[in-house]
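Structure first, then comments.
The values are calculated or read from the model by the stated rules, or taken from the named source; none is laboratory data. Treat the numbers as computed from the prediction; the structure is a model and nothing was measured. Ideal geometry is used to build each Cβ from the backbone, glycine not excepted, and the neighbour counts take in all protein chains shown. We work out accessible area using only protein heavy atoms, side chains counted, and drop any ligands, DNA or RNA first. Shrake-Rupley method; radii C 1.70, N 1.55, O 1.52, S 1.80 Å.
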Amino acid sequence: MACTVKAAGMATRIIIGGAPVTQALANQIGAGGYSADAPGAVETAPRMIAA
């Protein structure tokens, strides 16, 4: 999905996560962020926005 977004020329960041997802998968698809759970995503999102 992240590569599709980039190919479309969209300037957006993607965060993925949850039980069936790993950091390795996030890296593989080019996601900008990863979190194992929702509370972690809440902590990750501001760092992604600031970057």
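When both residues are 6+ apart or on different chains and their Cβ atoms are under 6 Å apart, which pairs have a first residue that lies in the range 32-51 and is touching a residue at least 12 places away in the same chain (Cβ under 8 Å) and within 12 Å of Gly17 (Cβ to Cβ), and a second that is open to solvent by 60 Å² or more (accessible area, probe 1.4 Å) and part of a helix (DSSP H, G or I)?
Hits for this filter: Tyr34/Gln23.
Got at least one residue in the range 8-31 being open to solvent by 70 Å² or more (accessible area, probe 1.4 Å), among the charged types (D, E, K, R), at pLDDT below 90 and out of contact with any strand residue (DSSP E or B) (no Cβ under 6 Å at 6 or more places or on another chain)?
Within the range 8-31, one or more residues are open to solvent by 70 Å² or more (accessible area, probe 1.4 Å), among the charged types (D, E, K, R), at pLDDT below 90 and out of contact with any strand residue (DSSP E or B) (no Cβ under 6 Å at 6 or more places or on another chain).
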